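Computed from the coordinates by the stated procedures, all read-outs in this text should not be read as laboratory data. This one's a predicted model, so the numbers in the text were calculated from it and none came from an experiment. With ideal geometry, Cβ positions are generated from the backbone for all residues, glycine too; neighbour counts draw on all protein chains shown.
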């Protein structure tokens, strides 16, 4: 289905030279924290439900801002999230759900809506080492070893396309740590 709302937001993001936006959406009694990312091809749109038992949904946004509203294995999860939405008597229609979401997508991008790496990891729990949201350093891979696809994916979503190009060109992996103080080790070492 065509997501006009994402197309309008995309244009605004391009005007500001931004490649990711975070924004809330509320439909009925269900609330989601959303990420729209231009960092990968195809683009991605994710919804993370809010509440005590959050659920994560990610969708590819293909050329023409086309999104397949198929939930697959996550169908029960979206029903669970929306069950508090008192839509009694009506069957869940994914196309109608995305039609509602489409109308709620912000029309204007803002620099303040660019999430930090830890926010991206919290909202898109699909990376290797999700417990390590802070960039620490680049690690040169030994001869015969290469950057893993998982590391490239995390690097792309958290640091962007230029970082991935650097990673591939120089065969260096991004290293991530759980504590932001550990990520600043070089700065501390220099100051001492």
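Expressed in nm to one decimal, what extension gain is obtained for the pair residue 95 and residue 114 from 0.36 nm per residue of sequence separation less their Cα-Cα distance?
Separation in residues times 0.36 nm, less the Cα-Cα distance, equals 4.1 nm.
Could you check the simple spin-label distance between residue 104 and residue 12, using points 7 Å along Cα→Cβ, in nm with one decimal?
1.6 nm
Return one number: the angle in degrees, 0 to 90 and rounded to the nearest 10, between the long axis of the Cα atoms of helix 94-104 and the longest principal axis of the Cα atoms of the chain.
70 degrees
Among 70-81, 147-158, 132-143, how do they line up by average Cβ neighbours within 10 Å per residue, starting with the highest?
147-158, 132-143, 70-81
Starting from the Cα of residue 77, step 7 Å along the direction of its Cβ; do the same at residue 31; then give the gap between the two resulting points in nm.
It works out to 2.0 nm between the two label points.
What distance in nm separates the two pseudo spin-label positions at residue 166 and residue 2, each 7 Å out from Cα along the beta-carbon direction?
Calculated label separation equals 4.0 nm.
Calculate I(q)/I(0) for segment 4-123 by the Debye formula, one identical point scatterer on each C-alpha and no solvent, and give its log10 at q = 0.14 Å⁻¹ to two decimals.
Here log10 of I(q) over I(0) equals -0.58.
Hey, in the GNM for the chain with a 10 angstrom Cα cutoff, which one of 28, 144, 160 fluctuates hardest?
The residue that fluctuates most here is 144.
If R0 is 35 Å, what FRET efficiency do you get for residue 141 and residue 62 from their C-beta distance, rounded to 0.05?
Efficiency for this residue pair is about 0.60.
Segment 104-149 to segment 38-73: how many Å between their Cα centroids?
Segment 104-149 and segment 38-73 have Cα centres separated by 16 Å.
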